[in-house]
1. Got a sec? Which of Leu95, Leu86, Leu137, Leu191 is of a type in the set (A, V, I, L, M, F, W, C) and more than 25 Å from Asp42 (Cβ to Cβ)?
2. Listed residues Thr70, Thr29; which is within 15 Å of the ligand (Cβ to nearest atom), β-branched (Val, Ile, Thr), surrounded by fewer than 20 Cβ atoms within 10 Å (Cβ to Cβ) and in a loop (DSSP other than H, G, I, E, B)?
3. With respect to the numbered conditions (1) within 24 Å of Ala231 (Cβ to Cβ); (2) assigned to a loop (DSSP other than H, G, I, E, B); (3) under 17 Å from the mean Cα position of the chain (by Cα); (4) of a type outside the set (A, V, I, L, M), which one is the sole condition not fulfilled by Arg175?
4. Quick check on my filter: what residues within the stretch 76-90 are more than 21 Å from the chain's Cα centre (by Cα) and surrounded by fewer than 12 Cβ atoms within 10 Å (Cβ to Cβ)?
5. So for the stretch 160-169 (the condition being under 27 Å from Lys49 (Cβ atoms) and surrounded by fewer than 20 Cβ atoms within 10 Å (Cβ to Cβ)), does at least one residue qualify?
6. Is there a residue being crowded, with 20+ Cβ neighbours inside 10 Å and part of a helix (DSSP H, G or I) anywhere in the stretch 183-204?
7. With the requirement that a residue be out of contact with any Leu (no Cβ under 6 Å at 6 or more places or on another chain) and among the small types (Gly, Ala, Ser), what does the stretch 90-123 give you?
8. Considering the stretch 73-113 alone, what residues qualify as being touching a residue at least 24 places away in the same chain (Cβ under 8 Å), acidic (Asp, Glu) and either outside any loop (DSSP other than H, G, I, E, B) or closer than 14 Å to Leu22 by Cβ (or both)?
Amino acid sequence: MSADTPLTEDSAANPAVDGSELIRFDKVTKRFGDNTVLDDLDFSVASGKHVTLIGPSGSGKTTILRLLMTLLKPDEGTIKVGGDYLTHEEKNGKLVPAGDKHIREVRKNIGMVFQQFNLFPNMKVLRNITEAPVTVLGMSKDAAEERARELLDLVGLAEHIDKYPSQLSGGQQQRVAIARALAMRPQVLLLDEVTSALDPELVVGVLDVLRDIARSTDITMLCVTHEMSFARDISDQVLMFDSGRVLESGPPEKIFGDPEHDRTREFLGAVL
Ligand code: ADP
């Protein structure tokens with residue numbers, strides 16, 4: 001998407017939501033020492049869809065998001081985002097490991113919200129949101145600020161624009177982090193257990209904002225969450241992970257209502 005694309009543009013006119021494949025993992029293996037965390041993993045996410053990764057702790061869900069953020073590299077296999085290899089680049093007709101410049105370009109399409117909000121503590125809310133669009137995308141300060149105001153409206157924090165992160169609750173900080181990720185106009189938003197560091201009473205506000213974004217924008221979402229009712233509400237597809245593999249996948253009504261595997265039933269029994 002270009003820097004001028006409105007967040008809520010008509011999906012029919014937007015190639016980002018034409019149902020084509022936005023993310024593809026092809027035979028991805030990731031090991032930490034002897035621990036094979038992802039095992040020959042294949043999966044894809046179509047653009048505009050909301051996909052949720054569920055499964056027991058340690059099954060490899062966060063590793064997938066970290067690979068997409070290029071915080072980790074796969075030991076084997078390839079990852080594509082928007083038709084471009086994230087892990088590799090083509091040079092003289094050959095596929096070689098991607099260089100930093102290539103990785104930075106492809107990664108511009110990806111936004112991430114972490115468990116710990118990771119806001120810049122020394123910057124006010126407005127600058128937290130405008131910093132990367134100005135420095136990385138080269139947006140003008142005025143345009144970035146206008147966009148930040150729209151996004152702060154979207155996450156219900158317009159009146160907090162001039163505060164420092166430490167003056168906000170955890171839930172409010174997480175909503176700023178969501179606005180900051182969206183300010184880069186990524187094609188895909190990665191959400192890594194974004195409510196797990198929050199006090200219970202602050203969880204609802206953050207999930208409501210994400211539901212709203214899922215409903216009102218055409219952004220692709222890939223979420224790792226333990227909030228099953230949220231997963232059921234927003235997902236087009238749920239992937240149940242077990243030991244670094246997709247045990248089963250399907251629409252939420254199937255996975256939550258009539259799963260195929262006992263392992264899925266056991267997991268849902270423990271978390272629901
Ligand atoms: P999940 O998100 O499903 O809880 P993770 O992807 O966080 O699972 O972790 C999968 C496995 O990888 C776990 O066994 C975890 O201990 C291991 N792991 C994750 N990150 C590292 C790391 N940086 N070094 C060593 N082991 C790691």
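1. Working: Leu95 fails: more than 25 Å from Asp42 (Cβ to Cβ); Leu86 fails: more than 25 Å from Asp42 (Cβ to Cβ); Leu191 fails: more than 25 Å from Asp42 (Cβ to Cβ).
When all the criteria are applied, what remains is Leu137.
2. On the way: Thr29 fails: in a loop (DSSP other than H, G, I, E, B).
Result of the check over Thr70, Thr29: Thr70.
3. Checking Arg175 against (1) within 24 Å of Ala231 (Cβ to Cβ); (2) assigned to a loop (DSSP other than H, G, I, E, B); (3) under 17 Å from the mean Cα position of the chain (by Cα); (4) of a type outside the set (A, V, I, L, M), the one that fails is (2).
4. Matches in the stretch 76-90: none.
5. Among the residues of the stretch 160-169, not one is under 27 Å from Lys49 (Cβ atoms) and surrounded by fewer than 20 Cβ atoms within 10 Å (Cβ to Cβ), which makes the answer no.
6. yes
7. Gly93, Ala98, Gly99
8. Hit for the stretch 73-113 is Glu76, nothing else.
The values are calculated or read from the model by the stated rules, or taken from the named source; none is laboratory data. From a predicted model like this one, the values you see are computed outputs, not experimental measurements. Every residue, glycine among them, receives a Cβ derived from its backbone with ideal geometry; neighbour counts consider all protein chains shown.
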